[in-house]
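Trainee: Input: one structure, supplied below.
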Ligand SMILES: Cc1cc2nc3c(=O)[nH]c(=O)nc-3n(C[C@H](O)[C@H](O)[C@H](O)COP(=O)(O)O)c2cc1C
C-alpha cells in the first residue's frame with residue numbers, strides 16, 4: 001500500500017479561478033500522484049493548468065467546508081506556480097504535472113515538487129481532527145455507502161470528537177453532521 005497524505009489541493013481553471021478540494025496525494029518516490037475522479041473541477045483544472053498546490057493544514061474546517069459549500073478561505077500567491085496557497089497552510093508544496101496516466105474514471109497525474117515552504121509549527125496529532133477527516137471522506141462517498149454504514153461510522157467518530165475537539169474541530173463536525181441530516185442519526 002502506498003503512503004497517502006490528505007491535503008487541500010488548490011488548482012486553477014483556464015480563466016485563473018482558484019478551486020479548493022480535499023485530495024489524497026499518493027507518494028511515488030520523491031514525487032506525488034494526484035488522482036481526481038471524473039467528473040470534478042480539480043480534474044478539469046489540472047487538464048487546463050497542470051499545476052497543483054498541496055496545502056498541509058490542521059484546520060479541519062477547510063476539509064469540512066469544501067464539502068459543505070464553504071470555500072471562502074483566504075488565499076495567498078504561491079512562489080513559483082500559478083495556483084494560490086491557503087493562508088492557513090502550516091506548509092505547502094508546489095507541484096507540477098510531469099505525466100498523465102489516462103483512466104476513464106480516475107486519471108493519475110504524476111507530479112514533481114518544484115518548491116516547498118513551512119509557515120507555522122505542527123502542534124501534534126488530535127483525534128477529533130482525524131475523525132473530522134474520516135467523516136468528510138464518508139460525506140464525499142455517501143452515494144456509494146449504505147445509510148446504516150454511515151450512521152454506524154458517525155456514531156463511532158463522534159466519540160473522539162466529544163473527547164478531544166477544540167472550537168474549530170467542533171464547528172467542522174457540526175457542518176458535516178448537518179450535511180448528512182437524518183442519514184447520520
Ligand atoms: C480527505 C479527503 C480526501 C479526498 N481525496 C480525493 C481524491 O484523492 N480524489 C478525488 O477525486 N476526490 C477526493 N476526495 C473528494 C473530493 O474532495 C470531493 O469530491 C470534491 O468535491 C472533488 O470535486 P471538485 O474538484 O469538483 O470539488 C477526498 C475527500 C476528502 C474529504
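Trainee: May I ask for the percentage of alpha-carbon pairs in region 108-185 that lie more than 19 Å from each other?
Mentor: Values: 1378 of 3003 pairs.
The answer is 46 percent, as a whole percent.
Trainee: Please compute the length gained on full extension between residue 1 and residue 96, using 0.36 nm multiplied by the number of residues separating them and subtracting their Cα-Cα distance.
Mentor: On the way: separation 95, 0.36 × 95 = 34.20 nm, distance 2.38 nm.
Taking 0.36 nm per residue and subtracting the Cα distance, the gain is 31.8 nm.
Trainee: Something else now. Mind ordering 162-173, 54-65 by average Cβ neighbours within 10 Å, highest first?
Mentor: On the way: 162-173: 16.8, 54-65: 22.8.
Those peptides, ordered most packed to least, come out 54-65, 162-173.
Trainee: Relative contact order of the chain: what whole-number percent is it, with Cα pairs under 8 angstrom and at least 6 residues apart? Display every interim value, and only then the final one.
Mentor: Working: 357 pairs, mean separation 37.2, N = 185.
Rounded, it is 20 percent for the chain.
Trainee: For region 8-86 and region 87-123, write down the distance between their C-alpha centroids in whole Å.
Mentor: 8 Å
Trainee: Return one number: the angle in degrees, 0 to 90 and rounded to the nearest 10, between the long axis of the Cα atoms of helix 147-164 and the longest principal axis of the Cα atoms of the chain.
Mentor: For helix 147-164, the angle is close to 90 degrees.
Trainee: Compute the distribution of all C-alpha to C-alpha distances in region 4-118, in bins of 10 Å from 0, and list the percent of pairs in each, rounded to whole numbers.
Mentor: 15, 52, 31, 2
Trainee: Per-residue ellipticity at 222 nm for the chain, helices alone: DSSP H runs ≥ 4 residues times -39500 (n - 2.57), over residue total, nearest 500 deg cm²/dmol?
Mentor: Values: 5 runs with 61 residues, N = 185.
Estimated from H runs of four or more residues: -10500 deg cm²/dmol.
A short reminder: the numbers here are calculations on the coordinates, not readings from a lab. Quantities reported herein were computed from a predicted structural model and do not represent experimental measurements. Every residue, glycine as well, gets a Cβ built from its backbone with ideal geometry; the counts of neighbours run over all protein chains shown.
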